[in-house]
Every structure is written in structure tokens, then in C-alpha cells.
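To start, the structure itself, in C-alpha cells.
The values are calculated or read from the model by the stated rules, or taken from the named source; none is laboratory data. Just so you know, these numbers come straight off a predicted model, no measurement behind them. Note that each Cβ is placed from the backbone with ideal geometry, even for glycine, and that neighbours are counted across all protein chains shown. Each accessible area value is taken on the protein alone, full model and side chains, heavy atoms only, with ligands, DNA and RNA left out. Shrake-Rupley method; radii C 1.70, N 1.55, O 1.52, S 1.80 Å.
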Amino acid sequence: MSLKANQGLDSVIKDETAGVVTLRWDERLCLGLYQLGMNVLVPPGVLALSPVLLLKKKRRATLLPRLGFQRFPKSNVLRGETVQGREKVLWVHALSVGEVLSAVPLVRALHPGIQPARLYCSASTLSGFETARDKLEGSVDGLFYFPLDLLFAVRRSLAEIHPSLFVLVETDIWPGFMAELRRQGIPSFLINARLSPSSFKRYGQGKRLFSPALNTFSRIYPQSPSDAESFKDLGVDPAKLAEPGNLKFDAAKMSGGAAEMEQLRLKLAIREGERVLVAGSTHEGEEVILRRAFLHLRQSVPGLKLIVAPRHPHRADEVQRVFAVEPLQVVLYSSLPQERFDVVVVDEFGVLNALYGLGDLAYVGGSLVPKGGQNPVEPAAAGKPVLFGPDMSDFKDIAEAMVKEGGAIQVKNEEELLSQATRLLSDVGLGADLGARNKALVERNSGVTAKIAEDILERLRRA
């Protein structure tokens with residue numbers, strides 16, 4: 001598929017499978033007002049707030065690069081060379097850590113088949129960039145930051161990268177960027193596409209902006225049937241929607257092998273027979289609940305250890321203080337190994353998936369507080385029983401499938417969390433049964449990566 005655009009009014013999107021889609025006058029007006037506001041009002045605001053923004057490490061690291069002031073990877077064609085095939089460039093963008101981790105198996109599958117073309121990846125956040133640098137080393141030809149949705153930053157990035165195909169992972173859709181892809185006729189795919197309730201509401205409120213942006217994609221690969229229906233409700237041409245499938249199932253299976261598990265077990269000094277509860281991607285307000293539950297659990301499960309991985313590792317010191325009450329011995333993951341501890345607070349990125357493998361029970365955070373939940377596939381792939389709270393709205397289909405399969409239990413409150421955790425930690429056979437059900441569910445839903453990689457490579461060859 002390819003995209004064409006009216007160079008003046010940006011009013012026509014042409015797709016080989018969907019025909020011609022004409023932007024209405026009100027859609028063109030909304031896009032014009034949006035770009036006017038972004039390019040006239042935002043830059044002075046950023047400049048005025050820069051002293052405050054630059055106080056934070058993540059802003060210092062990302063602000064200038066996202067404005068276009070960064071060292072971009074260079075392809076041979078941009079230097080005027082004519083090596084056969086080097087003019088083709090695949091640009092894969094993943095917003096932050098979760099999206100990068102979802103993209104890892106896809107990028108690794110793409111890299112061997114893409115030669116002699118180039119494969120570049122971008123991220124929007126510091127944590128996402130660092131995760132990509134760690135997980136994708138040797139699988140990409142360059143890393144850089146995704147531009148802010150300002151015309152000069154977007155055009156500079158496209159001019160430097162010169163993509164033959166743009167692939168967006170999950171989310172981070174910007175109307176200005178997508179309009180520029182249309183103007184330049186650059187084809188694009190949206191893969192592992194999902195719409196959380198908040199995103200669906202926001203896109204619906206700005207439908208005149210986001211419907212054209214979404215229809216810019218030549219192909220959209222939704223995570224689930226309900227995501228596919230949501231995209232249709234936002235005005236996406238059904239012909240653009242591929243069969244639903246979720247990269248997270250493949251990504252979750254890429255956790256470490258037996259050797260890595262044994263190294264982690266030694267680092268954490270976990271002895272044979274000791275029970276471990278892993279609470280992953282927790283949010284502010286949940287740690288207090290977990291502390292109370294853990295103190296009660298230790299009365300019925302002596303020697304129980306707790307591994308807490310806050311959703312944002314920079315909160316580790318704060319979380320450590322929450323648990324640092326008598327009689328608990330609390331340490332940071334980065335300080336291990338230590339001889340004695342009751343609670344480990346994870347202060348590093350990229351280790352949670354492996355840590356799930358050490359646990360006997362997993363709790364998925366962001367669900368006992370109204371945050372939409374976090375990814376429950378990782379502990380499921382590790383073959384662990386899973387608990388999560390009432391708000392799993394960002395992972396609704398996966399959570400419902402796990403509960404229906406019998407591998408996960410959704411608790412309503414702190415009391416149910418304590419009751420179900422006590423039951424699962426006290427009954428080894430029951431926990432093993434739930435874990436096996438989760439692992440089977442992951443296996444049945446794996447394999448979408450290979451199909452998407454094949455489609456991307458085929459489209460790149462025709463670019």
C-alpha cells in the first residue's frame with residue numbers, strides 16, 4: 001500500500017486497498033488550527049518554561065533531541081552514496097518502556113531479513129530510549145528520539161531519516177506528524193494497536209483530527225477484536241484493519257532461561273522452599289495496601305518474601321520508605337546481594353519479566369487504584385498464578401481471557417487480595433494449576449510477530 005496527498009491542502013489520502021479518502025472542510029480546518037497552535041504558541045511556551053523543565057533529568061535528556069537537535073543515524077543515500085538497497089529505511093517507533101518491550105521480538109525478527117536496508121528505532125522517553133539501547137543492541141542500525149509534534153522538528157527528523165516505511169508500535173499518534181507522512185507520501189503501519197478507555201474518549205472528542213490521522217496508516221494491526229471495533233467507531237476504514245493479535249504474548253516469552261533464573265535466585269538469596277510474592281508495576285497508593293497485606297500474609301506463610309517493582313523506578317526510594325516499618329527489612333534491588341531482607345524494591349528498568357519467573361504468585365499493579373492496570377501477560381508467560389484488582393481497563397481483553405481461563409483472579413479490594421493470596425501461597429498445587437492455565441493461554445495466543453514481520457518486509461520491498 002502507498003499513500004498520496006494533495007500537496008497544498010493535504011485533503012486527500014490515497015491507499016491501494018481502501019481507495020481515496022477525502023478530508024472534509026471541518027477536518028482540514030481542525031488540522032490547520034491544531035498546527036497553528038502547536039507551531040506558533042507551543043515553542044514560546046517551551047522556551048519560557050525551559051528553566052523549570054530542565055530541572056528534571058528526563059527533560060534535560062529529551063527536550064533538545066525531541067526538538068530536532070540530536071545526532072541522527074545516517075543512511076548511505078543521505079550522503080549521496082548509491083550502494084544497492086541502502087536507500088531503503090525502516091523506522092520503528094515505540095513510545096516508552098512498555099511499547100519498546102512489545103517491539104523487541106518484532107525488531108529482532110525483522111533485522112536479519114531487512115538487510116541491506118537500514119532499521120532505525122526511536123523512543124519518546126528517556127526510559128524508553130535506555131530500554132531500547134539495552135534490549136535492541138545488535139538488532140538496529142540506529143536509535144534516536146521521536147520529534148515533538150512541531151513542524152520544524154518533524155520535517156527535520158523525516159529529512160534526516162528518510163524512511164521508506166514508518167511503523168508505530170501501539171500508540172503515540174500525533175496529527176501533525178501523520179499529516180507530514182501524508183504530505184510526503186510515506187507509507188505507515190500501526191502495529192499492536194490498542195485504545196484504552198481514556199484514549200478512545202480523547203480521540204472521539206478530537207475525531208476531526210484523529211480520524212484522518214488514523215486513516216493515514218496503510219495497515220492497522222489491533223491487539224484485540226474490541227480494539228478493532230473501537231477503531232471502526234473512530235472512523236477507520238475497516239479495509240485497513242488486519243486480524244487482531246497481540247505482540248505482548250511473544251514478548252513475554254522472551255524472559256531469561258534457567259541460567260538467568262539461577263543467577264537471580266543467587267542474587268536475591270532465595271533458599272529452596274521459600275515463598276515469593278512479586279508485585280509488578282505498582283502505583284502510588286498501592287504500596288500501602290500491599291504492605292498491610294504482606295504483614296498479614298507473613299503470619300500464615302512464614303518467611304514469605306516480597307519483591308515490589310514500582311511502575312516508575314524513580315519512585316523506589318519513596319516505596320522503600322513505605323515498607324520500612326518494623327519488623328520488615330527492606331532493600332533496593334541495586335544493593336543486592338545482601339544476607340537478609342524481607343522486601344526488595346526494584347529500582348532498575350528491564351528486570352521485572354525475569355523476576356516474575358522467581359515468584360510463586362504475581363500481583364499486577366495499577367489495578368487496586370484507578371490506573372487502568374498493567375500488563376498481566378508477563379507473569380502469565382512465566383507460568384505463575386496472577387492476581388489483579390478491579391481496574392484492568394487498559395488490558396480489559398487480556399484480563400478477561402485470563403480470568404475465564406482460570407489462571408487469574410480479579411479481586412475487588414484489599415480484603416479479597418489478602419484472602420486469595422493466602423489461599424494461593426498456602427496451596428502449592430492450586431498455584432501450579434493456575435500458572436499452567438496461564439502458560440497455555442499465552443502459548444495459544446503467540447505467533448503474531450512472524451506474520452507482522454513478514455507483512456512489513458513485503459511492504460518495504462515494494463517501497
field: Of every Cα-Cα pair in the range 364-463, the percent that sits beyond 24 Å
entry: 31 percent
message: If you fit an axis through the alpha-carbon atoms of helix 414-426 and take the longest principal axis of the Cα set of the chain, what angle between them do you get, 0 to 90°, nearest 10?
response: 70 degrees
Mean separation of Cα contacts under 8 Å, 6 or more apart, over the residue count of the chain: relative contact order %: 13 percent
Per residue accessible area of the chain, 1.4 Å probe, in Å²: 43 Å²
statement: Averaging 1/r across every pair of distinct alpha carbons in the chain and inverting yields a Kirkwood hydrodynamic radius, in angstrom, of 23.5 Å
statement: From highest to lowest solvent-accessible area (probe 1.4 Å; ligands, DNA and RNA excluded), 108, 275, 461 read 461, 108, 275
- request: Any chance you could look up the accessible area of residue 22 with a 1.4 Å probe, heavy atoms only, rounded to 10 Å²?
  value: 90 Å²
message: Per residue, how big is the convex hull of the range 216-310 when only Cα atoms are used? Give it in Å³.
response: 182 Å³
query: Exactly which trypsin sites (Lys or Arg not before Pro) in the range 299-372 are in a DSSP loop and have at most 12 other Cβ atoms within 10 Å?
result: 340
- request: Give the ranking of 74, 57 by solvent-accessible surface, highest area first, calculated with a 1.4 Å probe.
  value: 57, 74
task: Considering only protein heavy atoms, with the full assembly of protein chains and a 1.4 angstrom probe, order 180, 137, 348 by accessible area, largest first.
output: 137, 348, 180
query: Expressed in whole Å with the largest first, what are the equivalent ellipsoid semi-axes of the range 179-241 derived from the C-alpha gyration tensor as the square root of 5 times each eigenvalue?
result: 18, 14, 9
- line: Along principal axes, largest first, the alpha-carbon spread of the range 300-380 in whole Å comes out as 33, 26, 25
Model label zone, residue 436; criterion: amide N under 20 Å from point 7 Å along Cα-to-beta-carbon; scope the range 379-409: 379-387, 402-409
message: Over 10 Å intervals from 0, what percent of Cα-Cα pairs in the range 386-438 sits in each interval?
response: 26, 54, 20, 0
Accessible carbon and sulfur surface of the chain relative to its total accessible area, %, 1.4 Å: 54 percent
message: How large is the accessible surface of residue 296 in square angstrom, using a 1.4 angstrom probe and rounding to the nearest 10?
response: 100 Å²
The chain - mean residue ellipticity at 222 nm from DSSP helices (-39,500 (n - 2.57) per run, n ≥ 4, rounded to 500): -14000 deg cm²/dmol
DSSP beta bridge pairing in the chain, given as percent antiparallel to the nearest 5: 10 percent
- request: Using only protein heavy atoms and a 1.4 Å probe, report how much of residue 49 is accessible, in Å² to the nearest 10.
  value: 100 Å²
